[in-house]
Amino acid sequence: MILNKLKKSFTDAKPNADKFRETLAAALSALMEGHALPLATPIEHRTKDWISITRSVDAHSADLDDDVRKIGDFVGLRLVFLFSDEAEQACKLIKDKFDLIHQANKGEELKPEVFGYRSVHLDVRLKKDAMPFYDFVSYRAEIQVRTLAQHCWAAASHQLQYKDEAGVPLPVQRSLYRVAALLEVVGLELDRVLREKQTYAQSVAADWKKQEQSRLNVDLLVSVLKRDIPPVPGVSQDLLGSIMVDLREDLDDPYAALLHDLEEFGILTVKQLSTLIQGGLSGSLKAEEAVITLINDGDGSFGGVESKIAQGVFYTRAGLVRSMILPRSRLRSS
């Protein structure tokens, strides 16, 4: 009897559940970008199908009340990050932006020498004041947060159907342990790289004079751009509310390509780049104003992010610098 009522609840709820997860995936992606937390893979999301619900109904039946929306993972999303520190920050953000119903740290019970399934599962619902999306307030979502190394293990164990040690044939165990150890090392070493990168950036900022004649690398390039090109505070608005962001910031800015272009035009050191910015920033900002005017007048030949353009910003920091070296490119080709 409960399955018949639950089936009707599923049929009624699924269209909105699909809209909810798609909207939520876009909002979470924007939230992570706004807080400079780049995702290692696009957000995965799904609405539980009817067959999956019937398999798990016994575990939930006491609490369902004939309402499929009470199943915690009826809507599920997965966020994967390269570094454990980013995954931890993402969990804090999610708990701040949602009402947390339950948190499960999968893998906490594992022995130290075992690299089994590890992931943080956050069972959440929208806060009551989270924008006027009333169609979604009765839905819950399970948001999984993990690192890329943990994701590799989860994907492999799922494909191989090795959910726990007891299910692994003895001849395979040794190879599987090697994989587990390698993935553990990968995760730890990636975290080490991030810490060293952060320490390097801090040492640069602590003594700029010492860096003037240093040859540019990607990290020095980013540091100089952030120092010499002021931020533009702005607002990013989505399902989860509004957050203050730097409109000049773009996690996908192609700094390595910009570094190559600068080298092509003989801009090799910190001092040379600073001189370029000091002499060209005013002109590039005027050019930006002209571009925005053209866009507002209906010129469709430009790209750009609409929300940023509406707040008066077209170029990222890398875009501004590229506009400064563009005239040199034209001179070379003439």
Using the structure shown, select from LYS106/LYS226; LYS106/LYS308; LYS19/LYS70; LYS92/LYS209 the pairs with a Cα to Cα distance greater than 28 angstrom.
LYS106/LYS226; LYS106/LYS308; LYS92/LYS209
What is the angle, in °, between the Cα long axis of helix 218-228 and the longest principal axis of the Cα atoms in the chain? Nearest 10 is fine, range 0 to 90.
70
Give, in nm to one decimal, the length gained when the segment between LYS8 and TYR177 is fully stretched (0.36 nm per residue of separation minus the Cα-Cα distance).
56.3 nm
If you line up the long axis of helix 50-64 against the longest principal axis of the chain, both from Cα atoms, how many degrees apart are they, to the nearest 10?
70
Note down the relative contact order for the stretch 223-325 as a percent, whole number, built from C-alpha pairs under 8 angstrom at least six residues apart.
36
In what order do MET32, MET244 fall by count of nearby beta-carbon atoms within 10 Å, going from fewest to most?
MET244, MET32
For THR147, list long-range residues whose amide hydrogen, built 1.01 Å from N in the peptide plane, is under 5 Å from its own amide hydrogen.
PHE81
Under the 7 Å Cα-to-Cβ spin-label approximation, GLU196 and ASP299 lie apart by a distance in nanometres of 4.6
Determine, for VAL185, VAL68, the number of other Cβ atoms within 10 Å of each Cβ, and report the residues in order from fewest to most.
VAL185, VAL68
Computed FRET efficiency, Cβ-Cβ of ARG46 and ASP207, R0 51 Å: what is it to the nearest 0.05?
0.55
When the convex hull of the C-alpha atoms of the stretch 148-301 is computed, what volume per residue in Å³ does it have?
227
Proxy exposure order for ILE53, ILE325 (fewest C-beta within 10 Å first) is ILE325, ILE53
How far, in degrees from 0 to 90, does helix 317-333 lean away from the longest principal axis of the Cα atoms of the chain, to the nearest 10?
50
Under 1.5 on a/c is rounded, so check that first for the chain, then, if it is not, pick prolate when a/b is larger than b/c and oblate when it is not; a ≥ b ≥ c are the square roots of the alpha carbon gyration tensor eigenvalues.
oblate
Take every Cα pair under 8 Å in the chain that's 6+ residues apart, average their separations, divide by the length, and report that relative contact order as a whole percent.
15
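Read the figures in this text as sums done on the coordinates, not as results from a lab. Model, not experiment: these values are computed from the prediction. Glycine also receives a Cβ, built like all others from the backbone with ideal geometry; neighbour counts cover every protein chain displayed.
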